[in-house]
Amino acid sequence: MAGLWGGRFTKKTDDEVFAFNESLTFDYRLFEKDIEGSIAHVVMLEKQHIISLDEKDAIVKGLITIKNDINEGRIEFSHDYEDVHSFVEAKLIELIGDAGKKMHTGRSRNDQVALDMRLYVRDEVVKVDELLLALLKVIFRIMSENLNTYMPGFTHMQKAQPVTVAHHFGAYFEMFRRDRDRLSSIHKRMNYCPLGAGALAGTTYDLDRDYVSTMLGFEGATLNSMDSVSDRDYCIEFLAALSTIMMHLSRFSEEIIIWNSNEYQFIELDDAYSTGSSIMPQKKNPDIAELVRGKTGRVYGALMSLLTTMKGIPLAYNKDMQEDKEMTFDAIDTVKDCIHLFTGMIDTMKINDAVMAKSAMNGFTNATDAADYLVKKGMPFRDAHGVIGELVLYCIDNNKAIEDCTIEELKAIHPMFEGDIYDAISLKTCVEKRLTKGAPSPDRMREVLDIYKDYLN
């Protein structure tokens with residue numbers, strides 16, 4: 001067992017205590033960020049004449065060698081070390097000797113791990129954003145191809161009014177666009193460098209924190225050393241954003257599952273994104289959508305876990321905060337996989353436009369338009385609402401859609417009905433006359449698509 005401390009202690013750490021305390025089993029994935037931060041730190045130490053040029057060069061060369069050796073499999077992570085920081089430092093000392101012992105001058109593991117995690121999360125924010133952009137491009141394509149693909153819109157899971165596939169998918173475009181906005185805001189807020197905060201009270205060495213910040217691509221250095229080492233707001237914010245992304249994906253997945261059912265048949269999923277049954281040969285299951293829906297709870301759990309971990313921690317650093325990593329890593333991996341696979345699933349699925357249109361026509365989705373027809377003839381809306389309610393009841397009793405009724409049947413309900421009612425309640429008319437901003441009319445949707453096109457480019 002190797003660590004970065006020991007002079008104060010007269011006994012070696014108990015094996016079970018070491019195993020309970022160590023974090024290398026999961027924080028190993030921070031090694032590149034640890035090395036990146038260490039290189040910036042020692043370059044700054046040499047600039048400030050805290051270490052010599054030869055020592056800096058030896059440390060930097062050694063760290064680059066270690067990074068390459070890990071990536072190429074020549075060095076494997078050993079559980080003899082407490083964490084990734086002690087592992088890298090020990091390998092450096094093995095490689096270059098005493099000069100490696102100077103790398104840690106002017107810093108603590110507290111600000112070191114704060115930096116590593118911030119660098120890692122910052123990169124992952126960008127990667128998730130890129131995946132969302134790819135998803136939005138697929139949604140945009142589907143919208144562009146389905147401006148006139150009619151389908152029922154639902155409220156309370158009941159058919160309500162006719163819309164188009166373009167309009168329905170546009171709702172998800174808006175959701176994922178807001179998700180990207182949240183990621184951008186998080187990136188901006190977290191982009192400050194904690195290195196140089198020391199354990200909690202800075203250091204007596206003449207460090208140039210702003211120089212290090214610039215080297216590492218930050219907007220600047222953090223302004224309070226205690227907050228620098230004890231802040232995990234950016235992880236919580238990121239997990240909250242990831243949870244919202246998963247909520248949106250889960251809602252979308254729920255609809256994909258429903259639409260793919262035998263009862264709906266609105267869509268057909270590609271074989272590559274479906275699975276079968278071990279006993280029922282006819283089955284084609286929407287497992288990807290179901291797993292996305294299920295894994296949403298997993299990501300929610302990470303958010304709640306970290307919130308609970310942080311809620312009672314006094315300033316500054318406490319070991320509890322080690323618990324930020326596993327859950328954050330898992331949530332990030334989960335969300336990236338979900339976005340990627342969901343994108344492929346909807347990109348390859350077939351939309352059964354005829355089935356969707358038939359469903360819209362058979363669900364009285366044009367009832368509001370029938371009421372509006374009477375209003376335009378001079379009837380108060382509340383009275384028109386009652387007349388159409390009576391008409392719908394008649395249609396249900398006679399197993400008909402409104403448009404299937406003869407003019408005689410309609411006039412028997414109310415004499416104000418004329419022959420032009422059929423055009424007024426057609427799917428095409430119902431959709432095209434909805435011309436308010438944000439409505440499903442193809443004209444309005446083309447305007448929206450122009451905005452989305454500019455956004456994607």
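Projected label points at T348 and E32, each 7 Å from Cα along the beta carbon direction, are separated by 2.7 nanometres.
Relative to the current alpha-carbon distance between K61 and M226, full extension at 0.36 nm per residue lengthens the span by 56.2 nm. In terms of surrounding Cβ atoms within a 10 Å radius of their Cβ, K47, K376, K33 rank from fewest to most as K376, K47, K33.
Residues whose amide H lies under 5 Å from that of V163, counting only those 5 or more places away or on a different chain, are M151, G153; hydrogens are built 1.01 Å from N in the peptide plane.
Computed from the Cβ-Cβ distance with R0 of 41 Å, the FRET efficiency linking I407 to E263 stands at 0.80.
Measuring nothing but how far apart in sequence close Cα pairs (under 8 Å, 6+ apart) lie, relative to its length, the chain scores a relative contact order of 16 percent. The H on the amide N of N285, modeled in the peptide plane, is under 5 Å from the matching H of T275, G276, each at least 5 residues off or on a different chain.
Our note on the geometry: Cα centres of segment 140-198 and segment 64-118, 41 Å apart. As a rough footprinting exposure proxy, the listed residues H41, H340, H385 were ranked by other beta carbons within 10 Å of their own, and the order from fewest upward is H340, H385, H41.
Partners of K284 within straight-line reach, counting lysines whose Cα lies under 28 Å from its Cα and excluding those fewer than 8 residues away in the same chain: K137, K159, K295, K336, K350, K358. Neighbour counts of C-beta atoms inside 10 Å place V165, V355, V335 in the sequence V355, V165, V335, starting with the fewest. Quick note on segment 121-278: its Rg to Rh ratio, both from C-alpha atoms and Rh being the Kirkwood radius, is 1.18. In the chain, which longest range has no GluC sites (Glu not before Pro) that are both DSSP loop (not H, G, I, E or B) and surrounded by at most 12 other Cβ atoms within 10 Å? With GluC sites (Glu not before Pro) excluded where exposed in loops, the chain gives 264-457 as its longest stretch.
Just check the chain against the gyration tensor rule for me: Cα atoms, a ≥ b ≥ c as the square roots of the eigenvalues, rounded for a/c under 1.5, and otherwise prolate or oblate depending on whether a/b exceeds b/c. Because a/c hits 1.5 or more and a/b exceeds b/c, the chain counts as prolate. Our helix-only sum for the chain, with -39,500 (n - 2.57) per DSSP H run of n ≥ 4 divided by its residues, gives a mean residue ellipticity at 222 nm of -20000 deg cm²/dmol. With R₀ set to 22 Å, the beta-carbon distance separating L456 from V126 gives a calculated FRET efficiency near 0.85. Taken over segment 255-368, the convex hull of the Cα atoms encloses 171 Å³ per residue. Between D271 and E219, what FRET efficiency comes out of the Förster formula 1/(1 + (r/R0)^6) with R0 = 51 Å and r the beta carbon distance, rounded to 0.05? Computed FRET efficiency for E219 and D271 comes out at 0.60. Each residue of segment 221-228 was assigned a 3J(HN,Hα) from its phi angle through the Karplus expression (A = 6.51, B = -1.76, C = 1.60, θ = phi - 60°), giving 8, 4, 9, 9, 5, 5, 5, 4 Hz with x at Gly and Pro.
Between A134 and T204, the simple label model (points 7 Å from Cα in the Cβ direction) yields a spacing of 5.3 nm. Taking 17 Å as the straight-line reach from the Cα of K428, the aspartates and glutamates in range (excluding those fewer than 8 positions away in the same chain) are E145, D353, D369, D372, E403, D404, D420, D443.
One quarter of the convex hull surface built on the alpha carbon atoms of segment 360-456 amounts to 6.9 nm², the projected area averaged over directions. For K411, the lysines whose Cα comes closer than 23 Å to its Cα, not counting residues fewer than 8 places off in the same chain, are K376, K377, K400. Mark the label point 7 Å from the Cα of M304 along Cα→Cβ and return the residues of segment 231-263 whose backbone N is within less than 19 Å of it. From segment 231-263, the list is 236-251.
Membrane-span-like helices in the chain (whole DSSP H runs, Cα extent of at least 30 Å along the helix axis, mean Kyte-Doolittle hydropathy of at least 0.5): 233-260. How many percent of DSSP beta bridges within the chain run antiparallel, rounded to 5? Around 75 percent antiparallel, to the nearest 5.
Values in this text are rule-based calculations from the coordinates and carry no lab data. Since the structure is predicted, the reported quantities are computational estimates derived from the model, not experimental observations. Note: ideal-geometry Cβ built from the backbone for every residue, glycine included; neighbour counts use all protein chains shown.
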